[in-house]
Each structure stands twice: as C-alpha cells, then as structure tokens.
Amino acid sequence: MKLLEVLNALEEESPSHRREEIFIAPPDNASGDFTDEDSGDEDGQRGSHVPGSVLHASVVPEDSGTEEEDDDLQPPPAMKRQKAVVEPQRVWIKRDIQPNFRSWTPSDPHIEDLKSQELSPVGLFELFFDEGTINFIVNETNRYAWQKNVNLGLTAQELKCVLGILILSGYISYPRRRMFWETSPDSHHHLVADAIRRDRFELIFSYLHFADNNELDESDRFAKVRPLIVRMNCNFQKHAPLEEFYSFGESMCEYFGHRGSKQLPAGKPMRLGYKIWCGTTSRGYLVWFEPSQGTLFTKSDRGLDLGGSMVVKFVDALQERGCLPYHIFFDKVFTSVKLMSILRKKGVKATGTVREYRTERCPLKDPKELKKMKRGSFDYKVDESEEIIVCRWHDSSVVNICSNAVGIEPVELTSHHSGIAKTRTQVHQPSLVKLYQEKVGGVSRMDQNIAKYKVKIRGMKWYSSFIGYVIDAALNNAWQLHRICSHDAQVDLLAFRRYVACVYLESNADMSSQGRRSRRLETESRFDMIGHWIVHQDKRTRCALCHSQTNTRCEKCQKGVHAKCFREYHIR
C-alpha cells in the first residue's frame, strides 16, 4: 500500500478521539548527494502537507505497539509467517520471585565535579555542543559549500549565532522566519537582527552539513547525520547522571515536508515523523538515542524482535560506564520473557508490561475470568530456572507485567478512581506494578519538555527537523543537569532556553556591522536583570566597575567584574 492510501483509510475509519502516529524513514537514496533538498517550501502551515514523494511511498507494516487490547493475545501477522524456533519448555510455578542481583548505591563523582564548577546554563549546554562538536560542524559545512563551489567561510562565532536563533524560535516564532529581520515595528526582533545579517543566516543555514558526502555509508539511511549522532550520544553518556532506574521507549521527531497532492485535515489527530529509540533516566535525561530505520535496514539479533534488540543496544551503551545492576523499564512494545532472560544474564534488572503471546505460555488466569473479580485481583507465576515473574493484574483493565528483579511482595493498598461510582476505592497493588508506574515515564517526560519550546525553523533538507530535535534534546539534558547541580534557585525550562539564546546572540554578534546599535544593545542588556551569571575566566581583566584586576566576568555582558561588584554593576 501507498502512504496516501493509508491516510485515506485512517480518515474514513478512525474515530475522532483516536490519535494516529505514522513513522516514516528517510528516502531510500538518503546517502546520495542529490537528496539534500526536500520537495517543499521552508515556511508555511506546519504539519498539514507532506511531499508527494512521501505520499506515494510504500508502507511496510511494523509491530509498533498500537494494537488494541484484544490483539495482545495473538502475534502480528508478520511474526506468524516466521519460521518457528523450538524453545526449551519453561516450568512455571506459583511463588514469588527470588532475585539474586547484587545491591549497589549510585555514587557519581562526575556530577559532584559539575556541582563544584557551578556551571551557567550556557556552560551546561556546551557540555554537549562542545568546542569539538562546533568545530566539526563548521568544517563539514565549509567542506560541503566548497564542494558546491561556494566560499562560505563559516566561523564558530557565526554558527553559535545560528544556534541561538534556532533556540529562540522555540519560544518566539513567526509565520516566516525572515520577519525577524523586517523593519516593521510589529515583527522586528533587534536581538536577532543585530546578531547576524539575514542573508548571511540564510546562506549558512542552507549549507549546514554534518558529514562528508564522499564517505557516506549507503546502507545507513541516516548517514548524513550519523557523525552528529555518534558525537551527541558520546557526550550524552559522558555527562549522564549515574542512576539505578532508566526508561526505554519510542519518541517521535515530527517531519514537516510540504508540497504534495494530499493535505492532512487540521482537525485530525494524525502525525508524521521519524521514530527515535530513546533511553532516558527516570527524570527525562536522554542518555542514548538511535533513529529507527525499520526492520529492512536494522537486523535484530539473539532471536529478539527489533524493539528488543534496541533495548539490548541501550544496555550495552550503559554498561560502558560499568557493569552495574541497572534497572530498565519499558512497555509492551519491547517486553518478552526472552528479553528478560538476556538482560538477567547481563546482570541488568528489567520490568515491563508484556503481551500475552510473549509470555511463553505462562499459565495465568484467563483475562475474562479476572475481569469478573474485584479490582486489585491478580495472578502470577515464576519461571523457577531463571527467576522471571509474570503477573496479571486487574485494575481498570487487565494488565500483564513481567520482571526479572521485582516480585509481588509487599502488596500495598492504593487509591484509584472509580469512573462508574465516581468515587475513590482502595485497590491491592503488587510491588512490581507500583515500581513500574513510578519509574517508566522517563521518555514521556523528555517528550513533554521537548514539545514545549521545540525549534520551529526548518530548512529544505530532509534531516533539518531531526537537527532541531537534537538541539532540543541537548537543551533538555542541560536543564536536567541544572536541576541536579544548582545550589541556588533553579530556573524553569523556558528561562533556561532564553538565557542560552540571549547569550549566544549577544556574545557572538557581528560587531563590525552594528555601529551604534551595539552600544544600545549593551546598555539594554546590562540592566534588564535577566540571565546574568558570574563565571571564571582564565585571563585576568579589569573590572568594569572598580577597574582593578579580576578573574571573573559576567557571561551575558562579556565584561570583567568582581563578585563583590556584580550586583552594583547591573543596577547603576
């Protein structure tokens, strides 16, 4: 089937309250030089059009986890067609789990070191977009422009201006990005206009590149951004808080292609985008990510499906910091008894909801019988050879949960809302259910943070929206570290992003073309009482207030100032 046919079917059959998500992959020839350009305009109504090349692309069905509850009882058709593999018969018995993982207390000297440095929001953001990453992007962009016979001459200072504008577009957006530079009083933004000329920004943004076209892996549909993915994963893992609990799940980077014969109706809850496998902490710090290329380009291993294989890759990345008994939580898209067994052999705890056909014939009470019992009823069995428990619990619906680390006891009472009686009732809740509900939401928290102020500016390249996703993820991670490391009052995510954008635009502005505007901008920002941080500098300069030597400065004003003079300098 073609994507256009799928969309027509969804419009006719899907109820209005149901949200449909369609994950797409880059073009088949994504590593080719001519695929840099997309098929549509950069500005316009986002999310309402898709390119004709995408609409007429073939759709490959995938086990994406969107089936209804009844479908949990049977494997998807693609799995039924696979050749059956004879597995050893498991022996299930009625008792609680007896895990034998070693205990440990997370101790992270790296986070303690970050706390002692008292980094500003910009300093935290530059843990990920560090000097090496900035220089890498500058070199690849200049190389790509040179291959197109254009002498771009991009500098790190100009690239930071571009990043600042992209970040700013997350909370200040116009229908057309050129409105930032218009002289009209209703749209002109002096912070952007004074930082970089419009035509220079457009030229840089059109040649922004992240890989050498002469060294692309044709088997990798994300080869154009693979070096950036590798660098960001390395930096994310290097500075990640060392915790016991992690979440794994699917995220989505919305894809805004335009032009095409088909328009998605504005009232329909449908989204198009790239699927991204994500491993996060329980608070939403992104530790590891990998864009999905589908089963045609990503081979599963160890007899697992694609989702289970991604979980194993995430665990391998975690264990590069040490083979500790981490505890991973995920939903029924990934969970299987076989996956629990593999993770147990790696010394990793895991808990997740599971579909019945992946429980390897665990003899639990029938869901229909359990529904007739009162809420809070449950049944469970344990594989005595590998200490893997499967529990079926009745709440508002019947849920299957599998774990290799947490059992039934202690069973606690929890208050749940009863929709029929419109009252709150006490319900028995096994221990593994309680812990799962508390720790599984890390990927959702990250998605919420990214969606609030995500980068709005996109380019003509098919991967431009993915670059915005990476910037948003880096800002989310920097903010998470700020919440952990800040000794003083913490700022919210919006204030954090505003500070980074303002510092990048003010500190890296093109001073040669500003003239009097630079003095006006300096005067306005000095007394605005927003986002001024005192930071250490290696070279001593004169204090802007008392004129004696100092080794500290205001990061926003870029002026040397003593700690004792800091407040007075910004109010007088």
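Computed with a 1.4 Å probe over protein heavy atoms only, the accessible area of ASP217 comes to about 80 Å².
So how do ILE111, ILE484 rank on accessible area, 1.4 Å probe, biggest first, that is with the largest at the start?
Details: ILE111 10, ILE484 45 Å².
Heavy-atom accessible area, descending, gives ILE484, ILE111.
At the residue level, SER431 shows approximately 30 square angstrom of accessible surface with a 1.4 angstrom probe and all protein chains present. In terms of accessible area, using a 1.4 Å probe and ignoring ligands and nucleic acids, MET340, MET373 rank largest first as MET373, MET340.
Taken along the Cα-to-beta-carbon direction at a fixed 7 Å, the label points for SER184 and GLN437 span 5.2 nm. When TYR499, TYR453 are compared by accessible area of protein heavy atoms, the largest-first order is TYR453, TYR499, using a 1.4 Å probe.
When the C-alpha to C-alpha distance is required to be over 29 Å, the pairs from LYS224/LYS556; LYS238/LYS381; LYS94/LYS374 that qualify are LYS224/LYS556; LYS238/LYS381.
Length gained on full extension, GLN117 to ASP538: 150.2 nm, using 0.36 nm per residue less the C-alpha separation. Would you mind pulling out the separation of the Cα centroids of the stretch 145-187 and the stretch 397-465, in Å? The two parts, judged by their Cα centres, are 38 Å apart. GLU387 contributes an accessible area of around 20 Å² to the protein surface, as traced by a 1.4 Å probe with all chains present.
Between THR155 and CYS234, what length comes free when the chain is fully extended (0.36 nm per residue of separation minus the Cα-Cα distance, one decimal in nm)? Walk me through the numbers on the way to the answer.
Numbers: separation 79, 0.36 × 79 = 28.44 nm, distance 2.38 nm.
So the extension gain works out to 26.1 nm.
Peptides 126-137, 182-193, 199-210, 154-165 ranked from most to least packed by the mean count of surrounding Cβ atoms within 10 Å: 154-165, 199-210, 126-137, 182-193. Tally up the carbon and sulfur contribution to the accessible surface of the stretch 284-407 as a whole percent, 1.4 Å probe, everything protein left in place. With neighbouring chains kept in place, the figure for the stretch 284-407 is 48 percent.
Trypsin sites (Lys or Arg not before Pro) within the stretch 84-152: which are DSSP loop residues with at most 10 other Cβ atoms inside 10 Å? Display every interim value, and only then the final one.
Numbers: sites: ARG90, LYS94, ARG95, ARG102, LYS115, ARG143, LYS148; in loops: ARG90, LYS94, ARG95, ARG102, LYS148.
Those satisfying the criteria are LYS94, ARG102.
For the stretch 293-387, which trypsin sites (Lys or Arg not before Pro) are both in a DSSP coil and crowded by at most 12 other Cβ atoms within 10 Å?
Details: sites: LYS299, ARG302, LYS313, ARG321, LYS332, LYS338, ARG344, LYS345, LYS346, LYS349, ARG355, ARG358, ARG361, LYS365, LYS368, LYS371, LYS372, LYS374, ARG375, LYS381; in loops: LYS299, ARG302, LYS332, LYS346, ARG355, ARG361, LYS365, LYS372, LYS374, ARG375.
Counting only loop positions with at most 12 other Cβ atoms within 10 Å, the trypsin sites (Lys or Arg not before Pro) in the stretch 293-387 are LYS299, ARG302, ARG361, LYS372, LYS374.
Packing, taken as the mean count of other beta carbons within 10 Å per residue, orders the peptides 276-285, 442-451 from highest to lowest as 276-285, 442-451. Based on protein heavy atoms only, the stretch 441-500 ends up with 33 Å² per residue of surface accessible to a 1.4 Å probe. Would you give the gap between the C-alpha center of the stretch 193-261 and the C-alpha center of the stretch 336-371, rounded to a whole Å? Centre-to-centre (Cα) distance: 36 Å.
Shown is the FRET efficiency for GLN426 and PHE101, computed with R0 = 35 Å from the Cβ-Cβ distance and rounded to the nearest 0.05: 0.65. Here the extension length gained between ASN214 and TYR174 equals 10.7 nm, from 0.36 nm per residue of separation less the Cα-Cα distance.
The values are calculated or read from the model by the stated rules, or taken from the named source; none is laboratory data. None of these values were measured; they are calculated from a predicted model. So basically every Cβ, Gly included, is an ideal-geometry build from the backbone, and we count neighbours across all protein chains shown. Heads up: the accessible areas ignore ligands, DNA and RNA and are worked out on the full protein's heavy atoms, side chains in. Shrake-Rupley method; radii C 1.70, N 1.55, O 1.52, S 1.80 Å.
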